[in-house]
Amino acid sequence: MVLPRFSPLKLVAGAAAAALAAGVLAVAPAVAAPADDGAPAVAATADDIAAQTTVRPSLVLDRDFPDPDVSKFGNTYYAYATNQGKNLPWASAPDPDGPWTFQSTDALPTLGAWAKTGRTWAPDVSQRADGKYLLYYTAWHNTSGRQCIGAALADSPGGPFVPVGSDPLICPLEAGGAIDASSFVDSDGTRYLLWKNDGNAIGATTWIHVQRVAADGLTFQAGPTQVLRNDRADEAGIIEAPVVTKVGSKYVLFYSAGPYSTNQYGTNYAVADSITGPYTKAFRFLMTTDSLDGAVGGPGGADVLRDAGGDKLIFHGHRDAGGRGMYVADLGWANGNPVVRGSRVRYEAERGTLTSCSVRENASGASDGKVAAYIDHADSSVSIGSIYVPTSGSYTLHVGYANGSVETSSHTVTVNGAAAGSVSYPITGWDTWRQASKDITLQAGWNTIRLGKGTAFAELDYIEVA
């Protein structure tokens, strides 16, 4: 079983990889995935394929609308964003894929007495059990100049929200202040508040905190728990925008990392068996500019929409016209781990099921130093199962290969037991790795891809599916 984008993406056919350094572990699947035996699976129907959304994330609000928070209240979807001429810009739509209508009113016309306008960031709106709508917002603290978190209430999701109290709800000035609040209600009805101390503002350690609150969302119960910190090089010292959801018994915490103003900004996730951790970060980012093939620059500020019509990941990305627009992508769950349609997922070839071929170690330049090699016989093949996609339709298969033959080589492609043509590999030389691509059709859920002996010879490093 290959766990998509989860350390280290190398669990195949039930074999678990060894624990990574720095405490990042490979996690075994919670439920059995389909056997990697190449048996035919149920094919996607014409209706399935016709109903698919676009392969790449869709730009559904083409205006500056950073840090989108999206919820469904009644039959309408509401989105809220970081200030852009208003304290609380918002939009509404009949469907998460749109059309979205940007609203002219400010849903938070007045800030709390502790705050001043200009830096009202990353809102979160939820509905309490008493029917009131609760807003968490980040704003500029009058006296310290730091960012702190306040709260406001409204009778309607479009506001007007009225600030609660004369002081911020969370304001740890000694830790740099607080930003990026988000709410979560567990399956037993217990409510939590997630937030980040803004350590980046003062050169201090940044933590994501989980705080249990009463049903009003305003009364703290015990103290906060630090669950995640900026401790990886690929995070560039910055983690922020925490959002948690529960999939089965697993808690999945999405977060953004890197400098938001650049294409190095991206989205990752971590998982835990308890809302307060310990959390294990995914080995590879869930979404980056590169994993989306440049279709979205700096994908971050993500929110999860769990919806009967299909789960969505909603996030911002840089626009050519400036600012950050709101994007929507299909979201699926591979044994509780998120998979975003349009974002590449890598599977190492040497961890697949190898028939009449073998693993070559110490392969210079290969992604894990090992490759599937000696695919030289009529019955040679590399089969990679448990490939998970959130929706049926057309996907792109990217193959990392090296071809040291004297001619273009190829492999046959089989998808879920059905022939799907072949993929060709121009000459590169051995241990010179390139990518070849081919469009394939996959069914929603689990799939198996088999690459078999074609013409001439090639070695396989990995495949990626997006």
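No lab work stands behind these numbers, since they all come straight from the coordinates. Computed from a predicted model, the values in this text were never measured in an experiment. Ideal geometry is used to build each Cβ from the backbone, glycine not excepted, and the neighbour counts take in all protein chains shown.
Laid out as a table, the results:
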quantity	calculated
Partners for Lys246 among lysines (Cα-Cα distance below 17 Å; same-chain residues under 8 apart left out)	Lys281, Lys312
Under-5 Å amide H pairs with Gln147, H placed in peptide plane, nonlocal only	His141, Ala178
16 Å Cα-Cα reach of Lys86 towards lysines, excluding residues that sit fewer than 8 places from it in its own chain	Lys116
Overall form of segment 261-303 per C-alpha gyration tensor (a/c, 1.5; a/b vs b/c)	prolate
Those Cys residues of the chain for which no other cysteine Cβ falls under 4.7 Å	Cys357
Protection-proxy order for peptides 358-364, 460-466, each taking the mean of Cβ atoms within 10 Å per residue, highest first	460-466, 358-364
Within straight-line cross-link reach of Lys453, aspartates and glutamates at Cα separation under 20 Å, skipping those fewer than 8 residues along the same chain	Asp36, Asp37, Glu348, Glu350, Asp376, Asp379, Glu407, Asp431, Asp439, Asp461, Glu464
Cα-derived Rg over Rh, computed across segment 343-466 with Rh taken as Kirkwood radius	0.94
Hz values of 3J(HN,Hα) by residue in segment 152-164 - Karplus curve (6.51, -1.76, 1.60), Gly and Pro given as x	8, 10, 8, 8, 9, x, x, x, x, 7, 10, x, 9
Scattering profile of segment 220-335 at q = 0.14, 0.17 Å⁻¹ [log10 I(q)/I(0), Debye over alpha-carbon scatterers]	-0.59, -0.85
Table column - 3J(HN,Hα) (Hz), segment 395-403, Karplus curve with 6.51, -1.76, 1.60, x for Gly and Pro	10, 10, 9, 10, 10, x, 9, 9, 10
Positive minus negative residues near Tyr80 (Lys, Arg vs Asp, Glu; Cβ under 10 Å)	-4
Using a Förster distance of 30 Å, the FRET efficiency for Ser144-Arg232 (Cβ separation, nearest 0.05)	0.55
Segment 63-201: radius of gyration and largest Cα-Cα distance (Dmax), Å	14.5, 44
Spacing of the two label points (7 Å from each Cα toward its C-beta) at Asp379 and Ser274, in nm	5.2 nm
Amide H contacts of Ala122 (H built 1.01 Å from N, under 5 Å, at least 5 apart or other chain)	Thr82, Asn83
Isotropically averaged projected area of the chain, using the convex hull of Cα atoms (one quarter of hull area), nm²	22.0 nm²
Fraction of alpha-carbon pairs over 21 Å apart in segment 150-224 - percent	33 percent
Length released on extending from Thr262 to Asp155, taking residue separation times 0.36 nm less the Cα-Cα span	34.7 nm
